[in-house]
Amino acid sequence: GHGEQGPTALLGSQAVGWWAAWYVVRRRHGLAFPAALGLPLPLPRGLARVFFGGMLLQVAVLLIVVLLPPPPDLVSPLERLLRQGPWAMWLVLVVAVIIAPFVEEVLFRGLLLGALRRYWSFPWAALAVTLVFTALHASQTRTYWPALAGIFLCGWVLATLRERSGTLWPPVALHMGFNAMAFLPLLLASSLR
């Protein structure tokens, strides 16, 4: 349909956003990647609980989507990709639930939030990072505001988790749970076809 983006455009827009975040942090603020990552080992306790918290947050967003359904012509690039067959289901699962949450947390709540926190208080830095995070996901939702609001809410919770925990592991776990629950209905629907 008119205005829809395919999987290539979606991945391209995400790559541009990730590169821009890295560039700003590295060039403008001189912050090295390892110092900003906040990924200490061993893993902290309670990550499974945080993962399920992300799933519950997505359930709340999905309930709003049920009450305020998207326009009928809004088909996400991921839904179109899932129609390609079983290989696509596994690709979406790996990218959306494992790779994207990790990479996005490193870039947004690790590098970008870390750089902005050097200059701004938490609420302003979190707001800026959350707005950029939401804007980069708008290619998936277009102007469907309930989904954008859900992404914004998730981004704010992720920034708050990062600030309170001092590490990126809880935001990564919550983000994985949030995405897993978002794609679970799509994966179930595609497997029933």
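The values are calculated or read from the model by the stated rules, or taken from the named source; none is laboratory data. This structure is a prediction, so every number in the text was calculated from the model and none was measured. Using ideal geometry, Cβ is built from the backbone for each residue, glycine included, and neighbour counts are taken over all protein chains shown. Quick note on the areas: whole protein, heavy atoms, side chains included, nothing else; ligands and nucleic acids left out. Shrake-Rupley method; radii C 1.70, N 1.55, O 1.52, S 1.80 Å.
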Item to check | Qualifying residues in the stretch 80-120 (those that are over 16 Å from V157 (Cα atoms), assigned to a helix (DSSP H, G or I) and aromatic (F, W, Y)) - the one farthest from the chain's Cα centre (by Cα) | outcome: W87
Item to check | Residue that is of a type outside the set (S, T, N, Q) and under 11 Å from the mean Cα position of the chain (by Cα), where the choices are L168, L148, L174, L184 | outcome: L174
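To keep it simple, each residue is scored yes or no on (1) acidic (D, E); (2) under 21 Å from H175 (Cα atoms); (3) at pLDDT 90 or above.
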position: P70; (1), (2), (3): no, no, no
position: Q84; (1), (2), (3): no, no, no
position: W90; (1), (2), (3): no, yes, no
position: V103; (1), (2), (3): no, yes, no
position: V106; (1), (2), (3): no, yes, no
position: W120; (1), (2), (3): no, no, yes
Item to check | Long-range neighbours under 7 Å by Cβ, at least six apart or interchain, first residue farther than 17 Å from L62 by Cα within the stretch 131-156, second assigned to a helix (DSSP H, G or I) and among the hydroxyl-bearing types (S, T, Y) | outcome: L136/S13; S139/S13; W156/T130
Checklist entry - Looking at the stretch 121-131, which of the residues that are open to solvent by less than 20 Å² (accessible area, probe 1.4 Å) and farther than 21 Å from F51 by Cβ is farthest from the chain's Cα centre (by Cα)? => result A125
Checklist entry - Do we have M176 as touching a residue at least 40 places away in the same chain (Cβ under 8 Å), surrounded by fewer than 24 Cβ atoms within 10 Å (Cβ to Cβ) and more than 27 Å from R117 (Cβ to Cβ) here? => result no
